[in-house]
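Inspection log for the structure reproduced underneath, given as structure tokens.
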Amino acid sequence: MKSPLLSLPGAVPAEGRDEGVAAHYGDLFREQRALAAGDGFVDLSHRGVVTVTGDDRLSWLHLLLTQHVSELPAGRATEALILSANGHIEHALYLVDDGETVWAHVEPGTQDELIAYLESMKFFYRVEVADRTDEFAVVHLPAGFIAEVPDGAVVQETAHGRDLFLPRADLESFAASHGPAAGILAYEALRIEAHRPRLGFETDHRTIPHELGWIGSAVHLQKGCYRGQETVARVHNLGKPPRRLVFLHLDGSEVHLPGHGTPIRLAADGGEGRQLGFITTSARHHELGPIALAMVKRNVPVDAELMAGDTAAAQETVVEP
């Protein structure tokens, strides 16, 4: 889904999973500073939009999701996961109920697989699942943004700002009245700073919620059964996850950022040392310099100096060992 906002002055298209929106509009750090100050917006119109309607929508979703949503008040945003039978993360949903419809946005390109799973679980419940990606675009407004949102837009209010489900036909007029636009690279830098995991970046085929700190924010430990719950309960009550998410301050003298999958080793062991993890996402931050999130083995000492490929890295704890 290619955004019409790629025609804005200075727009440089993003690549990879974020293809279809702008990576930046000519000044990455200015865009970051604007978002940090509560100004501007981010075009997330490449994300999938899924709706669930019907009288049983909340009670039905409650059976499938990791989050407690059976009594979710209208207008209250939450996030939830869908797990495999072994407790591995398959989908991440960011959702809100408007009183008649549950609106969720998901990672680009994952909506078809998600909808197929939801359809297979409908049985006799009074629910209808729909892909609304062609009709609605997601737009992010940073925390502190004070301008009014358009009438009729569904709003998902979070601690990090507001996500709007905006009619796709209104995207260009919204940009004209709510600028300046910031690209996905600025949004990602602030996401990394806030230690917020992202499906497909901080996750792989064997990631469990405990490794990313998603217990509590996306996984409710006192709700009823759902697929993968046994793993969640067992790790929470009897053990520790095998890996943990860390935040890294990277050596600013390096020209290139270590990309996704770059091996993490102990600095003391050098380039031939045993791999202890890998970079999940990296970015250049307007204040902190080069930063990253990484997944490492749980027993890596929290004060250990690390190397991300050839780049020195100092870690901050995100998930306790």
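The values are calculated or read from the model by the stated rules, or taken from the named source; none is laboratory data. For clarity, every value in this text was computed on a predicted model and none was experimentally measured. A quick note on method: Cβ atoms are made from the backbone with ideal geometry, for glycine too, and the neighbour counts reach across all protein chains shown. To get the accessible areas, we keep the full protein, side chains included, count just its heavy atoms, and leave off ligands, DNA and RNA. Shrake-Rupley method; radii C 1.70, N 1.55, O 1.52, S 1.80 Å.
Things worth noting here:
- Taken over segment 168-186, residues that are surrounded by 15 or more Cβ atoms within 10 Å (Cβ to Cβ) and touching a helix residue (DSSP H, G or I) at 6+ places or on another chain (Cβ under 7 Å) amount to 9.
- Qualifying residue in segment 278-291 (condition: open to solvent by 50 Å² or more (accessible area, probe 1.4 Å), out of contact with any Leu (no Cβ under 9 Å at 6 or more places or on another chain) and either of a type in the set (Lys, Arg) or under 15 Å from residue 193 (Cβ atoms) (or both)): yes
To keep it simple, each residue is scored yes or no on (1) surrounded by 18 or more Cβ atoms within 10 Å (Cβ to Cβ); (2) within 22 Å of residue 60 (Cα to Cα); (3) at pLDDT 95 or above; (4) not hydrophobic (A, V, I, L, M, F, W, C).
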| residue | (1), (2), (3), (4) |
| --- | --- |
| 191 | yes, no, yes, yes |
| 197 | yes, no, yes, yes |
| 206 | no, no, yes, yes |
| 215 | yes, yes, yes, no |
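- Selected residue (only one of 224, 270, 239, 179 is of a type outside the set (Lys, Arg) and at positive phi): 270
- Among residues of segment 241-272, those that are touching a helix residue (DSSP H, G or I) at 6+ places or on another chain (Cβ under 8 Å) and either under 20 Å from residue 291 (Cα atoms) or surrounded by fewer than 18 Cβ atoms within 10 Å (Cβ to Cβ) (or both), counted: 6
- A Cβ distance below 6 Å, combined with a sequence gap of six or more or placement on separate chains, defines the contacts here; from segment 54-66, residues that are charged (D, E, K, R) reach residues that are modelled with pLDDT of 95 or more in the pairs 55/126; 56/125; 56/126; 56/127; 57/102; 57/127.
- Residue satisfying all of: in segment 207-257; without any contact (Cβ under 8 Å) to a residue 40 or more places away in the chain and in contact with a His (Cβ under 8 Å, 6 or more places away or on another chain); nearest to residue 284 (Cα to Cα) among these: 215
- Which numbered condition residue 228 fails, given (1) open to solvent by 20 Å² or more (accessible area, probe 1.4 Å); (2) under 20 Å from residue 118 (Cβ atoms): (1)
- Any hit, segment 296-306, residues being surrounded by 15 or more Cβ atoms within 10 Å (Cβ to Cβ), closer than 18 Å to residue 186 by Cα, within 22 Å of the chain's Cα centre (by Cα) and not small (Gly, Ala, Ser): no
- Condition check for residue 28: open to solvent by less than 30 Å² (accessible area, probe 1.4 Å) and at pLDDT 95 or above: no
- Among the conditions (1) surrounded by fewer than 18 Cβ atoms within 10 Å (Cβ to Cβ); (2) within 18 Å of the chain's Cα centre (by Cα), the only one that residue 140 does not satisfy is (1).
- Which listed residue, of 201, 165, is in a loop (DSSP other than H, G, I, E, B), surrounded by 15 or more Cβ atoms within 10 Å (Cβ to Cβ) and among the hydrophobic types (A, V, I, L, M, F, W, C): 201
- Restricting segment 36-50 to residues that are of a type in the set (A, V, I, L, M) and open to solvent by 10 Å² or more (accessible area, probe 1.4 Å), the residue that is nearest to the chain's Cα centre (by Cα): 36
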